[in-house]
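Take a look at the structure below.
FYI, it's all coordinate maths here, none of it is from the lab. Remember, it's a predicted structure, so these values are computed and weren't measured experimentally. Glycine also receives a Cβ, built like all others from the backbone with ideal geometry; neighbour counts cover every protein chain displayed.
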Amino acid sequence: MKTLRTPALVLGLLYVCFFGYLGSSSSQLPSRVATHFDGHGQPNGWMSRAAHLRFMAVFGLGFPLLVPAIVYASRFLPDRFYNLPHREYWLAPARRNETMAYVFRHSLWFASMALCFAIGINYSIIHANSLAQAHLSTLLILPLAGCFLAGTAVWGVSLVRHFHRVA
């Protein structure tokens, strides 16, 4: 059985990078930060630098950990609340702990991906505010969002495929 060590280590290292980047890049932001943009990349919402840094710290900490927290809490639910292929097989008493560990380990990989997305969002905001006229680059946001959505799809499909296989 695989351990949580590798995904937890990767997630921990990404958090160190995220908070290090957040702190080191704060001086690159103006005192009034454009933080919300319309469909054309034009700013239509602002925050103070301190408020933006607080928001990004909370978002970067909370958003990635949402799925692992839900997955961890779900281990205490009765089996009837699970919608898994071959539920009786995967939630059999002899296999239940292994199944819960697999899903939690998988959720830590998702959290790493979500944290990379949060880092990308922060980078995009810093880049947008570094221009003479703040402007969010579509060339940054679309690939970032596309990669996150594609990664989420791959993550979900791999979960479903895993639970479709039975010994």
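A few remarks follow.
- Virtual spin-label span in nm between ARG75 and ALA8, 7 Å along Cα→Cβ: 1.0 nm
- Highest mobility in the GNM of the chain, judged by mean-square fluctuation with C-alpha springs under 10 Å and restricted to PHE104, PHE76, PHE63, is found for PHE76.
- Only one residue of VAL154, GLN42, THR138 has its Cα farthest out toward the positive end of the dipole of the chain, where Lys and Arg carry +1 and Asp and Glu -1 on Cβ, and that residue is VAL154.
- At 0.890 mPa s and 25 °C, Stokes D of the range 1-41 from Kirkwood alpha-carbon radius, µm² per second: 186 µm²/s
- Computed over the alpha carbons of the range 1-93, Rg followed by Dmax gives 19.8, 57 Å.
- Among (1) 1.05; (2) 1.15; (3) 1.26, the entry derived from the coordinates for Cα Rg over 2.2 N^0.38 Å: (3)
- Summarising the label geometry, the points placed 7 Å from Cα in the beta-carbon direction at ASP38 and PHE55 lie 1.8 nm from one another.
- Estimated 222 nm signal from helices in the chain, with DSSP H stretches of n ≥ 4 weighted -39500 (n - 2.57), rounded to 500: -23500 deg cm²/dmol
- Radius 14 Å from Cβ of LEU22, net charge of other residues (Lys, Arg +1; Asp, Glu -1): +2
- Charge context of MET47, other residues only, Cβ under 12 angstrom, K/R +1, D/E -1: +3
- On Cα atoms only, tilt of 5-25 relative to the major axis of the chain in degrees: 10 degrees
- Relative contact order (%) - the chain, alpha-carbon pairs under 8 angstrom, separation at least six: 30 percent
- Comparing ALA73, ALA134, ALA118 in a Gaussian network model of the chain where C-alpha atoms under 10 Å apart are linked, the largest mean-square fluctuation is found at ALA73.
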